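In what follows, a structure is listed as structure tokens, so that the remarks can point back to it.
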Amino acid sequence: MYYVYILRDDRNKLYVGFSADLKKRLQDHKFKAVSTTKLYKKPDIIWYCAFRNKDIALDFERYLKAGSGHAFARKHLVL
């Protein structure tokens, strides 16, 4: 399985990511091993979705990182 996920930190900042091993990737975020989120304080996973197809998962991650994807995520995925 391939996962697309959204993290939120204590400042309400969002991060969209992709991983084939969600548990390990979340540990990487927690222990500051990911350069993009190492300054996040208390990053919590607030949403994730599993995909069987890697290309579809990567396409959805790319969409969520785009302008209209930000709006979609904030309206439908992040409360």
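Side notes on the structure shown:
- Filtered by the rule that a residue be touching a residue at least 12 places away in the same chain (Cβ under 8 Å), of a type in the set (D, E, K, R) and in a loop (DSSP other than H, G, I, E, B), segment 21-41 gives a lone residue, Lys41.
- Candidate set from segment 67-79 (those that are of a type in the set (Gly, Ala, Ser) and surrounded by fewer than 12 Cβ atoms within 10 Å (Cβ to Cβ)); member that is modelled with the lowest pLDDT: Gly67
- Only listed residue being part of a strand (DSSP E or B), touching a strand residue (DSSP E or B) at 6+ places or on another chain (Cβ under 7 Å) and hydrophobic (A, V, I, L, M, F, W, C), chosen from Phe60, Phe18: Phe18
- For segment 54-66, a residue qualifies if it is small (Gly, Ala, Ser) and modelled with pLDDT of 95 or more, and exactly one does: Ala57.
- Hey, Arg25 surrounded by 12 or more Cβ atoms within 10 Å (Cβ to Cβ) and of a type outside the set (Ser, Thr, Tyr) or not: yes
- Residue in segment 30-53 that is surrounded by fewer than 17 Cβ atoms within 10 Å (Cβ to Cβ), modelled with pLDDT of 95 or more and over 15 Å from Leu77 (Cβ atoms) present: yes
The values are calculated or read from the model by the stated rules, or taken from the named source; none is laboratory data. Keep in mind it's a predicted model, so treat the numbers as computed, not measured. Heads up, the Cβs are rebuilt from the backbone with ideal geometry, glycines too, and the neighbour counts pull from every protein chain shown.
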